[in-house]
Structures are given as C-alpha cells and as structure tokens.
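The values are calculated or read from the model by the stated rules, or taken from the named source; none is laboratory data. These numbers come from a predicted model, not from an experiment. Virtual Cβ from ideal backbone geometry, glycine too; neighbours counted across all protein chains shown. These area figures cover heavy atoms from the full protein model, side chains too; ligands, DNA and RNA do not enter into them. Shrake-Rupley method; radii C 1.70, N 1.55, O 1.52, S 1.80 Å.
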Amino acid sequence: MNAQSREKALEISHLNQVFNSGRPSEVRAVNDLSFYIYEGETFGLVGESGSGKSTTGKLIAKLQDAVSGEIHFGGKEIGRLKKREDIRAFRKSMQMVFQDPYASLNPRKTVMEIIGGGLEVHGLARNQKEKQAQVYELLNLVGLSPEYATRYPREFSGGQCQRVGIARALAVDPSFIIADEAISALDVSIQAQIVNLLKKLKEERNFTCLFIAHDLSMVKYISDRIGVMNGGRLLEVAPSNDLYNFPLHPYTESLLSAVPMPDPEVERQRKRISYDENFHHYEDDTGVGLYEIAPEHFVYCKKEEVPFLKKKYEKLTLKALAV
Ligand code: ADP
Ligand code: MG
C-alpha cells in the first residue's frame, strides 16, 4: 500500500446518472458523485443492492453516458472521447470482470476463443500460434491448466469461470480493472481464493482496481481504500483499516455490524445496527458534502457536524490505543 504513488489513475467529479427522468419512477442512481482512485491502488466500493455501484462502474467503463459530470482517466475526460482509435485505446486499458461467471462468458465459445478474443480485437496476437501461447500463459497466470483452453464455460465451476473472466480481462494488459461483484456469486472459500488471486495479479501486473461488493466482509483484504455508497452517494471514504476500526457514518457502522465474525460466541452476542435511510437526506442541502474528518477519511455530512465527527474519531482512536 505504501509503495503506491499518489498519482490519480481516475478522478470523478459531480457525476450524475438518472433513469426514467421526469417519470414517477425516476431514479437518481448516481447523485453528484465525486471521488478519485490512486494509481496502483485497489478501491473498494461497497453498498447494498440498488445503491448505484454498478451504474458507477458502467459510467467509468463508458458503457453508459452520464447525465452530467466528468470522469478523468489517462489524462482525458472519457465523455469527450469520440475518435474511434481513442475509444478503442480506452477499451483496452479499462477492463471489467462481472458478477455472474456463467452469464458473462459466451457459452458457445471455448476458453481459447473467450480469452483470445480480446487479443485479436486489439491486434495483440499476429497469428494463431501467438494467440495460443498467450492464452496458455494467461491460463497459467490465473491458476488454470492449459488443457482447459479447448473447453466451454459450462464445464467449469463458478470459481474456475471467474478465473477465465479474469484472464480475459488481463489479456489486453489493462491499466484499470473494474470487478463488479466478481466474488458475490461464489462460495465463501472460493471468494477468498479469487481475492487472493486478484491480489497476486495486481502485484505482478500493476493495474489499478475498482472492486465493487455489496458487503464489507472480503473487501478489507483487497482494498487500500474503501468508499461506502448509498442512494447514489458516497457516505464515507477512508483507508481500509481506518474504515473498519473507526467508522464514522452510521450507514458504515450498520454494514460493519453485518459482517460475520469468526468466533461464534462473539457473533451470537453481537448487535446488528440498523440504519435509518433518511439519515443522510438533509432538508436543506447547503453545506452538505464529503468532509475530511481525518487524513483521507471523508464523511458525508453537514458542515456543522464536522467538529462532532472529529471528536468521535478522536474518541475511537483513543479507545483503540487504550486496549
Ligand atoms: P447496485 O449495483 O448498487 O445494486 P445499480 O447501479 O445497479 O445499483 O442501480 C442503482 C439504481 O438504479 C437502482 O434503483 C436500479 O434499479 C436503477 N437502475 C440501474 N440501471 C437502470 C436502468 N438501466 N434503467 C432504470 N433503472 C436502472
Ligand atoms: Mg450491482
């Protein structure tokens, strides 16, 4: 974590996405969202279903156009990319891994075709032999035997499919990977394997990662910093350890209270903190935003609440020291 440079790989400002605009079913899926991801870091984006995480991922990947706001990546604002070669270069540097390992892989294609497809599209393999060699290398990288190259997705377990999805993403040597609930559909033991694989690959391949999840249980192990999202907004952003040890927003506290504890005795006695959805809906929006309470630790609140939150942070850190 410390070795990472402080250059920003991605910077989002005042991003908005609205669905069914003007109709009674209007949804502000992303609401004035601003955050950044440092070069080389893994940023965990967490929040329950419907909070706007996938929409954020799709906007970053330019699979959707935002209603307003800016996304800066690789020195460019992605909304302004119009030339075909610019968009192609963007698609190569930004890759996604999806939640459903079976649905996201074409069932009629072999693993060779799935992983090799991107190599062909981006002109990274001059011939069949080069493609094969690279696919074998990629399979090896994600811990799959080269014999799997001739098989179809249905022949694999969920975890193996996800390894294929990761190999496909890595094939074009991206600088940024968005993993949207890439482990959510997997058994817990397999989740840990995939998280460890991603960590290893990140060391070897040096990409930046946006890791989206709906709960906090695995995110800690992979993320340098975490953003907690609800109702299209980030309610808290902090370095991973800081967020786990000193959560400041009640929504974060509620998510943390839902993370299962390994000790069954502790687990039984634990109180689940519930969260009132109206908490962060302020009557009057003036002075409401993300404020930095401690270094790199931001909380969505009203300006007047900042001194109180600073006190709260101080108390939590002192308490941790006393233990
Ligand atoms: P998450 O990934 O956190 O579960 P999403 O970004 O998928 O959240 O969805 C955020 C909100 O936007 C939800 O209320 C969802 O129903 C709505 N939404 C997402 N995509 C669309 C769409 N294409 N059309 C209409 N509503 C959408
Ligand atoms: Mg989603």
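Report, by residue number, each residue of segment 278-323 that is at pLDDT 95 or above, in a loop (DSSP other than H, G, I, E, B) and either touching a Gly at 6+ places or on another chain (Cβ under 8 Å) or open to solvent by 90 Å² or more (accessible area, probe 1.4 Å) (or both). Correct list: 295 only. Only residues that are without any contact (Cβ under 8 Å) to a residue 40 or more places away in the chain and either open to solvent by 60 Å² or more (accessible area, probe 1.4 Å) or among the basic types (Lys, Arg) (or both) were counted in segment 72-88, giving 8.
Out of 180, 173, report the one residue that is touching a residue at least 12 places away in the same chain (Cβ under 8 Å) and touching a strand residue (DSSP E or B) at 6+ places or on another chain (Cβ under 6 Å).
Details: 173 fails: touching a strand residue (DSSP E or B) at 6+ places or on another chain (Cβ under 6 Å).
Exactly one of 180, 173 is touching a residue at least 12 places away in the same chain (Cβ under 8 Å) and touching a strand residue (DSSP E or B) at 6+ places or on another chain (Cβ under 6 Å), namely 180.
Restricting 13, 21, 49 to those that are more than 8 Å from ligand 1 (Cβ to nearest atom), polar (S, T, N, Q) and either exposed (fewer than 14 other Cβ atoms within 10 Å of the Cβ) or part of a loop (DSSP other than H, G, I, E, B) (or both) reduces the list to 21.
To keep it simple, each residue is scored yes or no on (1) in contact with an Asp or Glu (Cβ under 7 Å, 6 or more places away or on another chain); (2) closer than 19 Å to residue 178 by Cα; (3) surrounded by 20 or more Cβ atoms within 10 Å (Cβ to Cβ).
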site: 222; (1), (2), (3): no, yes, yes
site: 235; (1), (2), (3): no, no, yes
site: 252; (1), (2), (3): yes, no, yes
site: 261; (1), (2), (3): yes, no, no
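Say we look at segment 154-199 and pick out the residues that are charged (D, E, K, R) and part of a helix (DSSP H, G or I); which of these is most open to solvent (accessible area, probe 1.4 Å)?
Within segment 154-199, the subset charged (D, E, K, R) is 154-155, 163, 168, 173, 180-181, 187, 199.
Applying the additional criterion that residues be part of a helix (DSSP H, G or I) yields 154-155, 163, 168, 199.
Working: 154: 169, 155: 93, 163: 40, 168: 63, 199: 88 Å².
That would be 154.
Test residue 69 against the stated conditions and say whether it is surrounded by 17 or more Cβ atoms within 10 Å (Cβ to Cβ) and outside any helix (DSSP H, G or I). Taking the combined requirement at face value, the residue satisfies it.
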